[in-house]
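Below is one structure, written out as structure tokens; comments come after it.
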Amino acid sequence: MADRLRIRFVKLGKVRFTSHRDVARMWERALRRSGLPVASSNGFNPRPLLAFGLALPTGAESLAEYLDVTLVPVEVSRPENPDELGCLAATLSEALPEGIDVVALSRVAGGADSLQQEVTLCSWDLEVRGVTASELARSVERLLDAPSVSVRRERKGRIFDDDLRPAVRSLAVSHHPEESSCGAPTWLRAELTTRPRGVRPRELVEALGADVMLGRARRTQQWIEHGGERWEPLSAGLGLDVAMAAHAWERAS
Amino acid sequence: MRSLWPRVEPLLDGVSKPARYIGGEFGAIASVHGPGQVAWLLVYPDTYEIGLPNQGLQILYELLNERADSVAERAYAPWVDMEAAMRAAGVPLFSLENHLSAADFDVIAFNLSAELVYTNVLNLLDLAGLAVRTADRHSGHPLVLAGGHCTFNPEPLADFVDAFVLGDGEEVVGEITEVVGTWRSGGSEDRGEVLEALASVAGVYVPSLYRVSRADGALAEVVPVSPVAPPRVEKRTVADLAAWPYPKRQLVPLTEVVHDRLNVEVFRGCTRGCRFCQAGMITRPVRERPEHQVQEMIQAGLARTGYDEVALTSLSTADFSSIEETVRAVMSGACGDQPVSVSLPSLRVDAFTVGTATEIARARRTGLTFAPEGGTWRMRRVINKLITEDDLYGAVDAAFANGWRRVKLYFLIGLPTERDEDVLGIAELARRCVEVGRRHHRSPTVVASVGGFVPKAQTPFQWSAQDTVAELARKIHLLKDACRGVRGLTLRWHDPEASAVEGLASRGDRRLGAVIERVWRAGGTFQEWSECFDLAKWEAALDAEGLSFDEVVHRPRAGDEVLAWDHLSAGLHRDFLWSDWQDALSAVAVEDCRWTPCYDCGACTDAGLEHVVASNVAPAGGSQGTGQDLSRGDRVPVRFVSSIGVR
């Protein structure tokens, strides 16, 4: 069995302003420091074999980022049991910047599909400003009832009108302050599909109305779907250590 | 002191590259500011991605945070979009560690590595909420200091900076901390008191304690008006790099920056004697780090940071006398068990060096860069860059033979005594390098990169005129014509207008302060960025102040003329610089004084120092590979070795 580690990590606090590529570099350095035997690509310019899941927009937080690490295919001593894996999680978190912490990891079968291919749905918590909760609820209803919602995008220097409605699986106001506490944010909970074309939280919120502004965006889950069922990409492994995630959140905010 | 982060954070969703403003680098130190501690804000007046890797700033950052009586944080120039957002929201310049307001610090210290950032210095002071002119600041304001290579002629910034530090900063930052701490604890309201105390620290120049007088339209003298201010401020020099193995905790950024790798300084100073090179002149003598310490720093640095690349830094790393041992140690895994790539930021032009570069470049062999600087052998004798054509072709041949696909050549135009044949010699050299490349590849690429020469203070060329924008443009045209149709040869050039402005700041006197202030007030920040550079702003400011490029930049200086920086010393005797200038004018070269007798430039003798070398054997390739006998000494015209003449 080719050796792959699937790692779930969080991205919270100030570090949310780093880009997807920045996070990839952080991981390369952290893995080198950890001494984990990561396999490299061949060729003139060998790179460690790391496969990240869906890119997180710069500025967004996440409780559910994933990374697959291919290990060198030789029989050396490597983490097998939950204790060793837990130890590795702590080592990696220590080597990563504040706000990026490993919350779960597991061995995955070598033949498994890549995260990019497998994950088809993400859950989001979105902080919204500029409208009252009741106005927002009406906007959400309108958007869900609409057969299509046009969004203007630029690709390769050309302007396209895309329909974002098919990417919105569900959308609801999840938490709102008392109507009297003026200016306080309201939160949306959204489930957004990644295919055929994903939708960015900012695009979704802006489609809700001219005055609606996105505050914090936080990806809370990524889902693999099959035959009407969904599961978390690591659910076969250690699973999410909820206490660890909460602790990481506390540390970063 | 309260963190500004809650006010900074909302701005970051709307600006480019927001990670530049969050701090949190691996190795960053978020100190608690205790009473009785002097708080330093170290500022690099350019963007985060340019400033973060600066090793000088990082060394001082560590040293100040190690001391019990000081803390240090960092700040960089916010890019124009962030600055606009900050001004609109009333957010002042802030530090990256604790996101404190710059005005909360006792000392704001700028790193001055390049002249075109001067307007940024004013902008950052303003963004910090300080009056830009020293005369308008009061005791509640932080002290404003500056260090770095540009302080060897700091006169254009004399109205804005309280004190400049000349030379190596390792020792003097501690002494300054003590002076400022004593002043602060005394509760004195008198800013003049601390400035006088600073002026008595060796290597510190307090411009407000000097009177500048002019006569007959020329500078007459710059003399101290306080008994504690020395008539001539001598630079500081750290005698032994081995005592300063810093940075020990090099910052690893969270986002992309230039030179994103481990940097280990293998020596400071340079004795090649290239006459145009200010860095080489003002950092003498050569002080090499012991070989074992270099290896220890590489090993510890790689393990700590997780980097897979280390750069051995200096002004001419191939001249490090332990270069072969060091490279061998890294490549054999003595410095860590993971594969590592080594880079030499400055290559010497010879085949030996290319061999070393090839051996250590594990990553893709894309391009190698050489700096012959002059187009003809005569020109290279004038500037004392003693590279023969054979050296260059040998290096280029070795590069292409070893699998490199692209060779980049750096040249200067507008050098003293330059004739059109010297300029055209650049095209000829580059063309021949393409031919050399064809022996190995069907389509080799040679890039000739041409910059306009800017005379610098404290160098033999400080008396030279600088070419006008029109003359540089004409020479670039000559080159464009000569390079046209040569397949595989690409010509690139630096904007001559930017060189002219760099010239203003390089050799200007105190009158330039008003010009810099006008340009800044007209919105002229980030002048080293081509998208922001605006010559018209400089022309208008010069006009308004009754000054001109002709007077400051394009005019040769006479031997008996008082220069704006004569009261400051990089250790070099004015006699030495003058005779070296005269040698240059007659195309007489001098050899590297590490391996030949002393020319008495003053850098060692006056400071009671010596060159410190890790090995007493000259490195392979010798002195510039000119085929000279290294045992032969004294000042001799260098023999014309090459048989391939260029007309």
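The values are calculated or read from the model by the stated rules, or taken from the named source; none is laboratory data. Here the structure is a predicted model, which is why all the values come from computation and not from measurement. Cβ sites come from the backbone with ideal geometry, for glycine too, and all protein chains shown count toward neighbours. With ligands, DNA and RNA removed, areas are computed over all heavy atoms of the protein, side chains included. Shrake-Rupley method; radii C 1.70, N 1.55, O 1.52, S 1.80 Å.
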Collect residues whose amide H, placed 1.01 Å from N in the peptide plane, falls under 5 Å from the amide H of B:Ala371; neighbours closer than 5 in sequence don't count.
B:Tyr410
Would you rank B:Lys17, B:Lys456, B:Lys408 by solvent-accessible area, highest first, keeping every protein chain in place and using a 1.4 Å probe?
B:Lys17, B:Lys408, B:Lys456
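Can you give the average number of partner chain beta-carbon atoms within 10 Å of each beta-carbon in peptide A:212-220, as a whole number? All intermediate terms of the calculation are to be shown ahead of the outcome.
Working: counts 0, 1, 1, 2, 2, 1, 0, 0, 0.
Mean shielding count: 1.
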What are the ³J(HN,Hα) values, in whole Hz, obtained from phi via the Karplus relation 6.51 cos²θ - 1.76 cosθ + 1.60 with θ = phi - 60°, for each residue of segment A:27-41 in sequence order, with x given for Gly and Pro?
5, 4, 5, 5, 5, 5, 5, 6, x, 4, x, 7, 6, 10, 6
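Report the full-extension gain for the segment A:Asp145 to A:His175: residue separation times 0.36 nm, less the Cα-Cα distance, to one decimal in nm.
Residue separation times 0.36 nm, minus the Cα-Cα distance, leaves 8.7 nm.
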What are the ³J(HN,Hα) values, in whole Hz, obtained from phi via the Karplus relation 6.51 cos²θ - 1.76 cosθ + 1.60 with θ = phi - 60°, for each residue of segment A:134-146 in sequence order, with x given for Gly and Pro?
6, 4, 4, 4, 5, 4, 4, 4, 4, 5, 5, 7, 5
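Take peptide B:13-25, look around each residue's Cβ out to 10 angstrom, count Cβ atoms belonging to other protein chains, and average those counts. Don't jump to the answer; show the numbers that get you there.
Details: counts 9, 1, 1, 1, 5, 7, 9, 1, 2, 8, 2, 8, 1.
Partner Cβ neighbours, averaged per residue: 4.
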With all pairs of different alpha carbon atoms counted, what Kirkwood hydrodynamic radius in Å does the protein assembly as shown show?
30.3
Chains B and A together, accessible area buried on both sides, 1.4 angstrom probe, square angstrom:
2100
At least 40 Å² accessible surface lost relative to isolated chain, residues of segment B:301-345 (1.4 Å probe)
B:Gly306, B:Asp308, B:Gln338
Gap separating the Cα centres of segment B:1-73 and segment B:197-255, nearest whole Å:
24
List the residues, sorted by chain then number, that are 5 or more residues from B:Arg249 or on another chain and whose placed amide H is less than 5 Å from its amide H.
none
Can you send over the solvent-accessible area of B:Ile108, 1.4 Å probe, protein chains only, in Å² to the nearest 10?
0
With a 4.7 Å Cβ cut-off, tell me which Cys residues in chain B come up empty for a partner.
B:Cys150, B:Cys270, B:Cys335, B:Cys433, B:Cys483, B:Cys532, B:Cys593, B:Cys598, B:Cys601, B:Cys604
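Could you work out the relative contact order of segment A:118-230? I mean the mean sequence separation of Cα pairs under 8 Å and 6+ apart, divided by the number of residues, in percent.
Working: 216 pairs, mean separation 49.6, N = 113.
Relative contact order, segment A:118-230: 44 percent.
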I'd like the antiparallel share, as a percent to the nearest 5, of DSSP beta bridges with both residues in chain B.
20
Using a 1.4 angstrom probe and counting only protein chains, how large is the accessible area of B:Trp493 in Å², to 10?
110
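In terms of solvent-accessible area of protein heavy atoms at a 1.4 angstrom probe, what is the ranking of B:Arg510, A:Arg8, B:Arg438, highest value first? List each step's numbers first, then the result.
Details: B:Arg510 50, A:Arg8 5, B:Arg438 95 Å².
The residues order as B:Arg438, B:Arg510, A:Arg8, largest area first.
Taking all protein chains together and a probe of 1.4 Å, list B:Thr388, B:Thr182, B:Thr237 from the most accessible to the least accessible.
Numbers: B:Thr388 5, B:Thr182 95, B:Thr237 30 Å².
I get B:Thr182, B:Thr237, B:Thr388, largest accessible area first.
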Accessible-area value, B:Tyr210, 1.4 Å probe, nucleic acids and ligands omitted, Å²:
10
Within 10 Å of each Cβ in peptide A:52-65, how many partner chain Cβ atoms are there on average? Round it to a whole number, please.
1
How big is segment A:118-230 in terms of Cα radius of gyration and Dmax, in angstroms?
14.6, 46
Residue-normalised 222 nm signal for the protein assembly as shown, counting each DSSP H run of n ≥ 4 as -39,500 (n - 2.57), nearest 500 deg cm²/dmol, is -8500 deg cm²/dmol
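Below 8 Å between Cα atoms, with a sequence gap of 6+, how large is the relative contact order for chain B in percent? Display every interim value, and only then the final one.
Details: 1298 pairs, mean separation 91.0, N = 647.
Relative contact order of chain B: 14 percent.
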Would you pull out the residues with amide H under 5 Å of A:Thr186's amide H, same chain only if 5 or more places away, H placed 1.01 Å from N?
A:Val128
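Mind ranking B:427-434, B:518-525, B:553-560 by how tightly packed they are, going by the mean number of other C-beta atoms within 10 angstrom, highest first?
Answer by packing, highest mean first, reads B:427-434, B:518-525, B:553-560.
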Summarise the accessible area of segment B:5-234 (1.4 Å probe, protein heavy atoms) by the percent that is carbon and sulfur.
55
Kindly rank B:526-532, A:192-198, B:267-273 from highest to lowest mean number of other beta carbons found within 10 Å of each residue.
B:267-273, B:526-532, A:192-198
